[in-house]
Amino acid sequence: MDKKKLFIILIIISISWIGNLIYYYSQQLSEPLFLNHYYELTLDTDTSFDIYYLINKSQDIDLRWAEIPGIEDAQFDLLEHDVKTFNHHMLKRGLFKININVFKEMELEEDKYVFNEIIAHFSNGETKRVDIGKVIIHKEDYKNVESPIKGKSSGSSSTNKQYRLFEAEEPLRIMGFDYDLKEYLDGFLYISLDYPQNRTNKLAEFEGKGENQSTKYKEDVEDLFSIDGVELREDLFPIKLNKGEDIIINNRFYSKNNEDERLYNYYQIYSRLRIETENDEVYTRDCEMHYNPYFDNSDIVTIIKERRGR
């Protein structure tokens, strides 16, 4: 090989090496990058939530504990730490348990506390005030209360579709379905209800259309992921259930837009099913909806690019 060709090859290798080096440094984070979390929780002895953050792969740093700004002694105890490794970064998860006694003693105008930031304490001694999204903690524990409606089954699929099936233990009325994070989830969280009156109407649509159609729908009733039910609307309520009848709440986190930033957020929502009995007794029952995104290397690059562009 002559010197000219060797020189050209060395130039190409050098350019490639320099390009890779520039890209590597362009991807490095100057500080831990916290992802967005949108949580709506109840206050009970088991209440906990995850905090996710990105660091450079070359760093050795952990989130040790966290505080809520402005609330004395309102700190979260770290229960465990997980790590997922990518090309140039690590995604870390800290599972934090709420200090229930602090919140029980607080006087809250709306019976809930809302915060967007935490004071993060790291293993290297650094402390930073960081934005984590929005966390709502309801003072009422509607997750562990007796109610005349019992959870019978639940499940989820790889397409971010979930369902929960509730059965009435006495005649009752479902008066509403509430959660506080709607402004962040319009066009991203889809909720539908399936209940006896809806099924009756559906089956009636098949009358006169042939036995196969009717049979097909009856088969679909056994497959809870096949039924989308009726889109959640205020005018559906009240929904009457007799003893032994059930209601299925389906939900899916989904966006047709692959560039929707909400695809990279974390959601954990304990929504509220409002119930009244024939004796006009009022109850609230929780219905959990959650979304945990799965990331690959390209997603991490996109997240960093979007956050830097703000």
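If you take every residue apart from F177 with its C-beta less than 14 Å away from the C-beta of F177, what net charge results, scoring Lys and Arg +1 and Asp and Glu -1?
Charge balance near F177 sits at -3.
On a 31 Å Cα-Cα criterion, which of the cross-link pairs K84/K134; K152/K182; K112/K150; K128/K161; K92/K139; K84/K150 come out too long?
From the list (K84/K134; K152/K182; K112/K150; K128/K161; K92/K139; K84/K150), the Cα-Cα distance tops 31 Å for K128/K161; K84/K150.
Can you work out the Karplus-derived ³J(HN,Hα) for every residue in the range 169-181? Use 6.51 cos²θ - 1.76 cosθ + 1.60 with θ = phi - 60°, whole Hz, and x for glycine or proline.
9, 7, x, 7, 10, 8, 9, x, 9, 10, 7, 9, 9
Taking only protein heavy atoms into account and a 1.4 Å probe, give the accessible area per residue of the range 249-310 in Å².
Per-residue value: 53 Å².
What are the residues whose amide H is under 5 Å from the amide H of F86, where those residues sit 5 or more places off or on another chain and H is modelled from the backbone?
L91
Tell me which residues come under 5 Å, amide H to amide H, from N36 once H is placed; ignore anything under 5 positions away on its chain.
Y266
In whole Hz, what ³J(HN,Hα) sequence does the range 49-61 give by Karplus (6.51, -1.76, 1.60; θ = phi - 60°), x for Gly and Pro?
8, 9, 10, 10, 8, 9, 9, 5, 4, 7, 8, 10, 8
Starting at the first residue of the range 293-306, write each ³J(HN,Hα) from the Karplus equation 6.51 cos²θ - 1.76 cosθ + 1.60 with θ = phi - 60°, in whole Hz, x for Gly and Pro.
Coupling constants for the range 293-306: x, 9, 9, 10, 4, 5, 5, 4, 4, 5, 4, 5, 5, 5 Hz.
Quick query: amide H of K139 versus all other amide H atoms, modeled in the peptide plane; which residues come in under 5 Å with a sequence gap of 5 or more or a different chain?
K112, Y113
The values are calculated or read from the model by the stated rules, or taken from the named source; none is laboratory data. Source: prediction; values computed, not measured. Don't worry about glycine lacking a Cβ; one is built from the backbone with ideal geometry, like all the others, and counts go over all protein chains shown. Ligands, DNA and RNA are excluded from the accessible area calculation, which covers all protein heavy atoms including side chains. Shrake-Rupley method; radii C 1.70, N 1.55, O 1.52, S 1.80 Å.
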